[in-house]
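Quick note: the coordinates plus some simple rules give every number you see, no bench work behind them. Bear in mind that the values here come from a model prediction, so they are computed numbers and not experimental data. Positions of Cβ are backbone-derived with ideal geometry, glycine not excepted, and every protein chain shown enters the neighbour counts.
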Amino acid sequence: MNPFHRIPGRRFLHAPGPTHVPDEVVHAMSRQPMDMADPRLDQVIASCEQGLRRLLQTECADVFLYACNGHGAWEAVIANLVSPGQCVLVPGTGHFSDSWALQCEAMGVRVLRTPWIEGEPIDPAVVEQMLREDAGHAITAVFAVHTDTASGVCSDLAALRRAIDAAGHPALFVVDVVASLGASAFAMDALGINVVLGASQKGLMCPPGLGFAAADARAMAVCEQVTTPRYYWDWRVRRSELAYRKFCGTPPQTLLFGLQAALELMFAEGLESVLQRHRLLASMVHAAIACWSRGGQVDFFARQPQARSDSVTAIAVAAGIDVEALRTVARERFQVALAGGLGPLNGRVFRIGHLGDINAPMVLGCLAGVQAAMAVQGIAFGPGALDAAVERLARG
Ligand SMILES: *Cc1c(COP(=O)(O)O)cnc(C)c1O
């Protein structure tokens, strides 16, 4: 298996990010850059901002686009919303809530965490309890990850909003939708979310390199008071009509061409259809795993069916199974790229991404490649997985 020789046909990219990029997006990016004064460039930027607002379902939040990945968007949110020494509450979802919390601490922010229970979503009752205990309102914000990509668990944002309200706590509600936007239902204004952040390379079907944040009026007022030294990330500077200030320098034009095209594709398909497609594809994957699990060596990592994400599924493997070897066989022999486990789940799960520019035959090809790789590796799995996925597809 020489990883560098050419393999005929398509490779199946089933990481939860970066994801497959549609041809329309690739083509949109194969354009020469524009000069900075070209009004067409302003049009592209405006269309990305408006498109993101529409996708996030917010009327008037300010949208800030950055030449960065998801970690950059985290940094932007921390720098603009929390002064050093202030405190945020990070409900535990797994690797991504842990990483975000560590980044907060690295920037001098105090972090309170709710415990992460493996395979479970955020418990809103625990969040409510911790907010109630914070009678002095030291907690300035709740930083919640919608879908934790490492565990494939999606938490209930409406329930979190109710928990914050029930505690009567004024903390800002800040949500990471890097892995869920464009795959799971989301509505910033209706959910009472003050700040949202995301990145280009997952449900948004673009290459990595663009991050964004959207902030409502309350968050913008907080941003005015925050003392964190910042310049590149600063919403006060970036809230401008001038492209050069919006981006604190030259806009990442090529990626913006791509994002504009990707948003157009989503609106042409219809947002409800996009979500329905993701639900169907996720349920095909789930149907297959339910069959595989009867062999006793692989199973869902997410315990509660309703908390299983429409973007990515983590599959727990029995002790002794070499996940990296399985991934290598899947990628090199069967052209199916899977993700491994992150942080505490390293070596304990593999993950199938099913988000973005993806359809049913791609998912079936992926499932077939995974099953073939399990067979090669001598992993026991129950029969009928592919048939179950096809039946699920046929039911619609
Ligand atoms: C991927 C991901 C990130 C980090 O994004 P990068 O672009 O890798 O920095 C953050 N949060 C969630 C939920 C993610 O899935």
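What to note about this one:
- For the chain, the longest principal axis of the alpha carbon atoms and the long axis of helix 323-334 meet at an angle near 70°.
- Cα gyration tensor shape of the stretch 132-178, rounded if a/c is under 1.5, else prolate or oblate by comparing a/b with b/c: prolate
- The loop-placed GluC sites (Glu not before Pro) in the stretch 180-278, going by DSSP, that have at most 16 neighbouring Cβ atoms within 10 Å of their Cβ come out as E241.
- Cα gyration tensor, the stretch 23-267 - rounded (a/c under 1.5), prolate or oblate: prolate
- Dipole-positive endmost among V174, Y231, P251 within the chain (Cβ charges, Cα centre): P251
- Bridge type composition, the chain - antiparallel percent by DSSP, nearest 5: 55
- What you get for the stretch 233-360, charging only the Cβ of Lys and Arg (+1) and of Asp and Glu (-1), is a dipole of about 300 debye around the Cα centre.
- Angle between the chain longest axis and helix 385-395 axis [Cα atoms, degrees, rounded to 10]: 60
- Taken as Cα centroids, the stretch 44-104 and the stretch 286-304 sit 33 Å apart, rounded to the nearest whole angstrom.
- Using alpha-carbon coordinates, inclination of helix 271-292 to the longest axis of the chain, degrees: 40
- For the peptides 384-395, 172-183, the ranking by mean Cβ contacts within 10 Å, running from highest to lowest, is 172-183, 384-395.
- Charges were assigned to the Cβ only: +1 to each Lys and Arg, -1 to each Asp and Glu. The resulting dipole of the stretch 23-267 about its Cα centre is roughly 460 debye.
- Gyration tensor verdict on the stretch 186-227 (Cα atoms; rounded if a/c is under 1.5, prolate if a/b is larger than b/c, oblate otherwise): oblate
- Farthest towards the positive end of the charge dipole of the stretch 1-87, among the residues P16, Q43, A61, is the Cα of P16, using unit charges on the Cβ of Lys, Arg, Asp and Glu.
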